[in-house]
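Reading through the structure tokens given below for one structure.
The values are calculated or read from the model by the stated rules, or taken from the named source; none is laboratory data. The shown structure was predicted, so the numbers you read here are calculated from the model rather than taken from an experiment. Every residue, glycine as well, gets a Cβ built from its backbone with ideal geometry; the counts of neighbours run over all protein chains shown.
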């Protein structure tokens, strides 16, 4: 992804899902540097990494459980999913949240516990035993955007492409930003994903054989075709993330997903107050 630079990014908060964002203030100047990266997935910052030391104890915030839930919670969701898998019937609805996109389409966030349910559901379906230790599952973002994410047909295969051209006269770069904002105590930190560009289109690998597009350590992207519709998926694997990103996730109380897709910046905020059951 083209980097947005290190200038102050205005925080935009959705009043309700799918509504136009409202500007409320800039990112705090005392915040750590923006985390960005190159197309190979390495992390770069404007200052040396700030490791957590004995003198810097971080009190875990609400956001942590979205990406790295406690062991007892993982076991609980795994047991529910496994029992449903044995029955071949979904009796439980895993927590998730869906937002509307401007001009059509939607964005869905599925936290780690939801993926734990499905992981253990599939174990039962495949005849595997209930695991003694339940691993942390990646959280996922799924985007359905028929204006910008499309199915491309070649002589040998179909795959998903993201249109990087803009349809807004005030925004000449189309899908120019995908990223996240983490917030705590009126401070915010941003994480911008590098988006490789190829002739105005971004071809996405399919999910077969885990051939993903690695954007940052622990963050990857792929496309999938379900029926005749194209979807973009972003995997967020806490176990493989950098120490800097884990540090932000651990202390944050608010997690927001940021998109710039030709209609200005769209920001989808997830907090305990808005989604206590997530």
Exercise. Failed condition for residue 135, given (1) in a loop (DSSP other than H, G, I, E, B); (2) at pLDDT 95 or above; (3) surrounded by 14 or more Cβ atoms within 10 Å (Cβ to Cβ), with all others met?
Worked result: (3)
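Kindly indicate whether residue 143 is crowded, with 22+ Cβ neighbours inside 10 Å and at pLDDT 95 or above.
Details: crowded, with 22+ Cβ neighbours inside 10 Å: yes; at pLDDT 95 or above: yes.
Against the criterion (crowded, with 22+ Cβ neighbours inside 10 Å and at pLDDT 95 or above), residue 143 qualifies.
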For this session: Would you point out the residue of the stretch 146-200, among those that are over 21 Å from residue 233 (Cα atoms) and either outside any loop (DSSP other than H, G, I, E, B) or in contact with a helix residue (DSSP H, G or I) (Cβ under 8 Å, 6 or more places away or on another chain) (or both), that is modelled with the lowest pLDDT?
Result: 171
For this session: Report, by residue number, each residue of the stretch 201-223 that is surrounded by fewer than 17 Cβ atoms within 10 Å (Cβ to Cβ) and either in a helix (DSSP H, G or I) or modelled with pLDDT of 95 or more (or both).
Result: 208, 209, 210
Problem set entry | Matching residues in the stretch 242-267 - criterion: being surrounded by fewer than 22 Cβ atoms within 10 Å (Cβ to Cβ) and in a loop (DSSP other than H, G, I, E, B) | 242, 253, 263, 264
For this session: Would you point out the residue of the stretch 224-241, among those that are in a loop (DSSP other than H, G, I, E, B) and modelled with pLDDT of 95 or more, that is nearest to the chain's Cα centre (by Cα)?
Result: 237
Seminar exercise, completed: All-but-one check, residue 113 against (1) surrounded by 20 or more Cβ atoms within 10 Å (Cβ to Cβ); (2) more than 18 Å from residue 68 (Cβ to Cβ), failing number (2)
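Would you confirm, using the coordinates I've provided, whether residue 84 is over 22 Å from residue 219 (Cα atoms), out of contact with any strand residue (DSSP E or B) (no Cβ under 8 Å at 6 or more places or on another chain), at pLDDT 95 or above and exposed (fewer than 15 other Cβ atoms within 10 Å of the Cβ)? Can you show your working first?
Values: over 22 Å from residue 219 (Cα atoms): yes; out of contact with any strand residue (DSSP E or B) (no Cβ under 8 Å at 6 or more places or on another chain): yes; at pLDDT 95 or above: yes; exposed (fewer than 15 other Cβ atoms within 10 Å of the Cβ): no.
When the stated conditions are applied, residue 84 does not pass them.
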Exercise. Considering 77, 109, which residue is in a strand (DSSP E or B) and either within 15 Å of residue 269 (Cα to Cα) or under 23 Å from the mean Cα position of the chain (by Cα) (or both)?
Worked result: 109
Exercise. Across the stretch 47-69, what is the number of residues that are loosely packed, with under 13 Cβ neighbours inside 10 Å and either assigned to a helix (DSSP H, G or I) or at pLDDT 80 or above (or both)?
Worked result: 1
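Quickly run through the stretch 80-105 and pick out the residues that are in contact (Cβ under 8 Å) with a residue 60 or more places away in the chain and not in a loop (DSSP other than H, G, I, E, B). It would help to see each step written out before you state the result.
At the first step, the residues of the stretch 80-105 found to be in contact (Cβ under 8 Å) with a residue 60 or more places away in the chain are 95-103.
Across the stretch 80-105, the qualifying residues are 97, 98, 99, 100.
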